[in-house]
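Before any comments, here is the structure.
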Amino acid sequence: MLVDLEITRHDEAYPWLLQWMTAFHRAQAAGAELSAQPHTAKKGGLLTSVISRLNPRLHHLQVRTLQPIDGPSSAAHFSFVPGHGKHILRYGSAFLMVDRQREKSINIGTAEPFETITLTTLYAHRHIFERIFTEAHQLFQQMQEGKTLIYNSMGPDWQQFGEAKRKRPLDSVVLERGVKERIVEDVQAFLAARTWYLDRGIPYRRGYLLYGPPGTGKSSFIQALAGHLDFNIAILNVSERGLTDDRLNHLLTRVPRRTIVLLEDVDVAFVNRRKPGADGYAGATVTFSGLLNALDGVASAEERIIFLTTNHVEKLDEALIRPGRVDMTVRLGEATEYQIEGIWDRFYADVDPTGEAKQRFMARAKELGLVNSVSTAALQGLFLYNKDDVEGAISMMEGLSAGKDRRQQPHVDHSGHVDVA
Ligand SMILES: Nc1ncnc2c1ncn2[C@@H]1O[C@H](COP(=O)(O)OP(=O)(O)O)[C@@H](O)[C@H]1O
Ligand SMILES: [Mg+2]
């Protein structure tokens, strides 16, 4: 008698299982290679050949390419996952048939084919399912350790974007004195207060709004915070075309576990106050009321942490900054003295151990009026360009001040490219 177990693409365990099969296949291939060496072949020649006959390896491999989000594209990572069709694996003493099938129907929302994997084994061996899933889950967790997963929206669903990123250390984001600590403490207090919320029937969620000019560390901080809390992060750009009120609402009700929601550029919704037309169609972007409704609708038994960011605080509306929607608002501004020194230390602590060059740099920064007027991103760009070269950094400061006078930063862009012309 046979038993089978079906798992669909939409199940959380689907990618774990694929990953497990890949790992299992690799281990088997490595084992086969070992036994093909002459000295082992002597011992187990017959046995090996029988096993390899009984134990066909995965065929129909499918390539899965993951581009690192912030690395060079040459760092793309390929892995071979079991392709569609039937595979037979030997697991311990049990045989297992793995059938990966693509359904005819297509998920309209994501335009992705619907898929299932069916595992079949003898009834007597049914206990291996549990073992396989336990292993697959452990493997998945191992690979995620020290990493932050980034989810993007894909139609009505969230989908992992790129490879898991190494956690960004909180130290690497330099905010004004005490700001980081204040936010981190607030989030931690929130996470510790689960029963308080549930006992009072209050939706267990907390909203944060970070605002300020571009390049002041809003996105970076949220990413570092996610890593610090061992959360993943689901990013949604409110200005994205095609993100309708309905989709936003739906996405917010389907956030993966232990995931911070990051809504970037929420100001777009402030200018888009158009009400849905008679046909209920509100246009291709999120409306103001759509954003409020979506935030209000977020309720789950799990904790829900939402960060909103905007570069245009002047477009904010009182209605947004209401407890339950946004509970804490923080401005991240241009680099203060404290931040300039902090970022300097991160780059030059080794080459400027006495801080002598830092003092000269700070004096010059004040002279040029850079304090509280250049972005931390621009500073980082300057320091990246002058890696290990404190004199270079000092002599190129004027470039930053020229950019400041024109109320922009043409000399140093966010990715750290410096225009020396
Ligand atoms: N306060 C900061 N501390 C450390 N790095 C920063 C800071 N602000 C900006 N950066 C760097 O500048 C770049 C852009 O920052 P980002 O977080 O995207 O800014 P924002 O979201 O506020 O526009 C990133 O490479 C980031 O590492
Ligand atoms: Mg940002």
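No lab work stands behind these numbers, since they all come straight from the coordinates. Note that the structure is a prediction, hence the values are computed from the model and not measured. Glycine gets a Cβ as well: all are built from the backbone with ideal geometry, and neighbour counts include every protein chain shown.
Taking 12 Å as the straight-line reach from the Cα of residue 167, the aspartates and glutamates in range (excluding those fewer than 8 positions away in the same chain) are 145, 230.
What size of dipole, in debye to the nearest 20, comes out for the stretch 337-405 about its Cα centre when the only charges are +1 on Lys and Arg C-beta atoms and -1 on Asp and Glu C-beta atoms? Write out the running numbers ahead of the final one.
Values: 7 positive and 12 negative charges, 38 e Å.
Using Cβ point charges on Lys, Arg, Asp and Glu, the stretch 337-405 gives about 180 debye.
Of the listed peptides 350-359, 148-157, what is their order by residue-averaged count of other C-beta atoms within 10 Å, with the highest listed first? Don't skip to the answer; put the middle values down first.
Details: 350-359: 12.7, 148-157: 18.4.
Going by the mean number of other Cβ atoms within 10 Å, highest first, we get 148-157, 350-359.
In the stretch 337-405, taking the dipole from charged Cβ atoms about the Cα centre, the farthest positive-side position among 399, 374, 338 is held by 374.
Of the residues 232, 319, 289, the one whose Cα sits farthest towards the positive end of the charge dipole of the stretch 165-331 is 232 (charges of +1 on Lys and Arg Cβ, -1 on Asp and Glu Cβ, taken about the Cα centre).
Placing a pseudo-label 7 Å from each Cα along the Cα-to-Cβ vector at residue 329 and residue 265 gives an inter-label distance of 2.2 nm.
If you take every residue apart from residue 352 with its C-beta less than 9 Å away from the C-beta of residue 352, what net charge results, scoring Lys and Arg +1 and Asp and Glu -1?
Details: positive: 358; negative: 345, 350, 356.
Every neighbour counted, the sum reads -2.
Within the shell defined by Cβ-Cβ distances under 13 Å, the residues around residue 177 carry a net charge of -2, with Lys and Arg each +1 and Asp and Glu each -1. Placing +1 on each Lys and Arg Cβ and -1 on each Asp and Glu Cβ, with no other charges, gives the stretch 165-331 a dipole about its Cα centre of roughly 320 debye. When each of the peptides 20-26, 163-169, 210-216 is scored by how many other beta carbons lie within 10 Å of its residues on average, the order from highest to lowest is 210-216, 20-26, 163-169. When peptides 90-103, 242-255 are ranked by their average number of other Cβ atoms within 10 Å per residue, the highest-first order is 242-255, 90-103. Can you tally the net charge around residue 312? Count Lys and Arg as +1, Asp and Glu as -1, for every other residue whose Cβ sits under 14 Å from the Cβ of residue 312. Net local charge, residue 312 excluded: -2.
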